[in-house]
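**Q** What follows is a single structure, and I will ask about it in a moment.
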Amino acid sequence: MTPDPDMQPQFYEGVPTKRLLAWVLDTVIIAGLTLLTIPFTFFISLFFLPLVFMVLGFAYRVVTLSRGSATWGMRMMAIELRDSDDEPFDQSQAFLHTLGYSLSVMIAPLQLISVVLMLSSERRQGLTDLAMGTVALNRRA
């Protein structure tokens, strides 16, 4: 069971802001990886740069979430994702969470709903978190 926000509020303090900062850091990392692909594809990837960015971003999120339950940006912000049993993500949970995130980014109203939920819900969960029963928490000491 994930920490109760009333009994252990320290796990949820500042999480929405940290998620935003982690997202910015992850975006910079993914953009850097995307730029690195350009010379290795003999500059052909320039014609498909948004697609390359999306594919690398998806892979980056699945791999990092399945290996530590946090992206590199989340690790830098000292937050992690946990499932409903308070366990770290496995590969299938990382894939599903990334798929949900990707769908919400592609459909603007879903992303807006997700942000509102993160700011207003008791456990600071986004739409994908609510659907999966997952939660972002401040990392334990």
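The values are calculated or read from the model by the stated rules, or taken from the named source; none is laboratory data. Keep in mind the model is a prediction, meaning the values are calculated, not measured. Keep in mind that these areas ignore ligands, DNA and RNA; they rest on the heavy atoms of the full protein, side chains included. Shrake-Rupley method; radii C 1.70, N 1.55, O 1.52, S 1.80 Å.
**Q** Provide, for q = 0.11, 0.15, 0.24 Å⁻¹, the log10 of I(q)/I(0) from a solvent-free Debye sum over equal Cα point scatterers in segment 63-141.
**A** Reported log10 I(q)/I(0), two decimals: -0.25, -0.48, -1.22.
**Q** Something else: Just to confirm, what accessible area per residue do you get for segment 74-141 at 1.4 Å probe, in whole Å²? The partial results should precede the final answer.
**A** On the way: 3680 Å² over 68 residues.
For segment 74-141, the solvent-accessible area averages 54 Å² per residue.
**Q** Express the carbon and sulfur contribution to the solvent-accessible surface of the chain as a percent, rounded to the nearest whole number, probe 1.4 angstrom. Don't jump to the answer; show the numbers that get you there.
**A** Details: 5920 of 8140 Å².
Summing carbon and sulfur atoms, their accessible area is 73 percent of the total for the chain.
**Q** In percent, how large is the relative contact order of segment 34-112, given Cα pairs closer than 8 Å and 6 or more residues apart?
**A** Details: 61 pairs, mean separation 18.1, N = 79.
Relative contact order, segment 34-112: 23 percent.
**Q** Same structure again: Normalised by the residues of the chain, what does the relative contact order come to in percent, with Cα pairs under 8 Å and at least six apart?
**A** Averaging sequence separation for qualifying contacts and normalising by length gives 30 percent for the chain.
**Q** Picking from 54, 77, 106, which is most flexible by a Gaussian network model of the chain using Cα springs under 10 Å?
**A** Answer for the Gaussian network model of the chain: 106.
**Q** Can you give me the span-like helices of the chain, meaning DSSP H runs with 30 Å or more of Cα extent along the axis and Kyte-Doolittle mean at or above 1.0?
**A** Numbers: long enough: 15-40 (37 Å, 1.39).
Counting only whole DSSP H runs, the qualifying helices are 15-40.
**Q** Looking at the chain, what % of the alpha carbon pairs are farther apart than 19 Å? It would help to have the intermediate numbers written out before the result.
**A** On the way: 5045 of 9870 pairs.
Pairs farther apart than 19 Å: 51 percent.
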